[in-house]
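Report on one structure; see the data block that follows.
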Amino acid sequence: MPSIHLTTVIHAPLQRVFDLSRSITLHKRSMSHLKEEAIRGRTNGLIEYDESVTWRAKHLGKTRELTTRITAMQKHGHFTDEMEKGDFRHMKHDHFFREIDNGTVMIDVLEFGTPYGIFGKWFEKMYLKRYMRRLLELRNQIIKDYAESEKWRVILD
């Protein structure tokens with residue numbers, strides 16, 4: 001089972017980073033190159049505990065849908081989203097937030113697996129893990145850019 005662990009230091013307050021990480025609007029902006037859109041469930045604003053969102057985007061040459069639900073949330077410290085429906089066999093994304101002297105440390109732990117047997121395991125190793133890591137890095141860079149500037153007000157005000 002592939003796992004991605006990503007740590008991002010953001011020079012902004014913990015609550016701001018936590019909220020930007022839950023923002024459907026900011027997520028759509030970070031994935032605009034894929035024309036990703038929220039089509040069901042929570043489609044804008046800040047996703048909350050036990051809410052779901054269905055995303056539609058073009059990945060790997062095909063339009064795909066993925067439904068995730070927030071299955072755990074500790075305000076300003078942690079939340080988890082897990083796949084309910086989609087192309088993965090399973091997917092779980094834990095988001096952790098820790099306050100530090102000059103801002104916030106944001107830690108992502110993403111676990112996923114494909115349902116395609118030995119071919120799926122080969123695909124995960126050769127391509128999918130890098131692809132998913134790049135998407136997370138891009139998303140986190142957008143969160144950082146917004147959190148460290150005044151752009152966050154457009155999303156959270």
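The values are calculated or read from the model by the stated rules, or taken from the named source; none is laboratory data. If you're wondering where the values come from, they're calculated on a predicted model, not measured in any experiment. When we count neighbours, we look across all protein chains shown, and the Cβ atoms used for this are built from the backbone with ideal geometry, even at glycine.
Could you check the stretch 15-41 and list, in sequence order, the residues that are among the aliphatic types (A, V, I, L, M) and over 15 Å from TYR146 (Cβ atoms)?
Applying the first criterion (among the aliphatic types (A, V, I, L, M)) to the stretch 15-41 yields 17, 20, 24, 26, 31, 34, 38-39.
LEU34, ALA38, ILE39, listed by residue number.
Residues to consider are ARG64, ARG89; find the one that is touching an Asp or Glu at 6+ places or on another chain (Cβ under 7 Å), at pLDDT below 95 and basic (Lys, Arg). Step through it out loud before you land on a result.
Details: ARG89 fails: touching an Asp or Glu at 6+ places or on another chain (Cβ under 7 Å).
Among ARG64, ARG89, only ARG64 is touching an Asp or Glu at 6+ places or on another chain (Cβ under 7 Å), at pLDDT below 95 and basic (Lys, Arg).
Filter the strands (runs of 3 or more DSSP E) completely within the stretch 49-157 down to those with at least 3 residues that are in contact with a Leu (Cβ under 7 Å, 6 or more places away or on another chain).
Working: elements: 52-59, 62-74, 78-85, 90-100, 103-113.
Ranges flagged: 52-59, 90-100, 103-113.
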Looking only at the stretch 109-151, and only at residues there that are more than 19 Å from the chain's Cα centre (by Cα) and aliphatic (A, V, I, L, M), the one that is surrounded by the fewest Cβ atoms within 10 Å (Cβ to Cβ): ILE118
List the number of the failed condition for LYS28; all other conditions in (1) farther than 27 Å from TRP122 by Cα; (2) in contact (Cβ under 8 Å) with a residue 24 or more places away in the chain hold. (2)
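Specify the residue that is surrounded by the most Cβ atoms within 10 Å (Cβ to Cβ); the eligible residues are those in the stretch 78-105 that are touching a Lys or Arg at 6+ places or on another chain (Cβ under 8 Å) and not acidic (Asp, Glu).
We begin by selecting, within the stretch 78-105, every residue touching a Lys or Arg at 6+ places or on another chain (Cβ under 8 Å); these are 79-84, 86-87, 104-105.
From what is left, the residues that are not acidic (Asp, Glu) are 79-80, 83, 86, 104-105.
Values: PHE79: 22, THR80: 18, MET83: 17, GLY86: 16, THR104: 24, VAL105: 15.
Among those that are touching a Lys or Arg at 6+ places or on another chain (Cβ under 8 Å) and not acidic (Asp, Glu), it is THR104.
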Being more than 18 Å from THR71 (Cα to Cα) and part of a loop (DSSP other than H, G, I, E, B) is the filter; apply it to the stretch 16-44 and report the residue that is nearest to the chain's Cα centre (by Cα). MET31
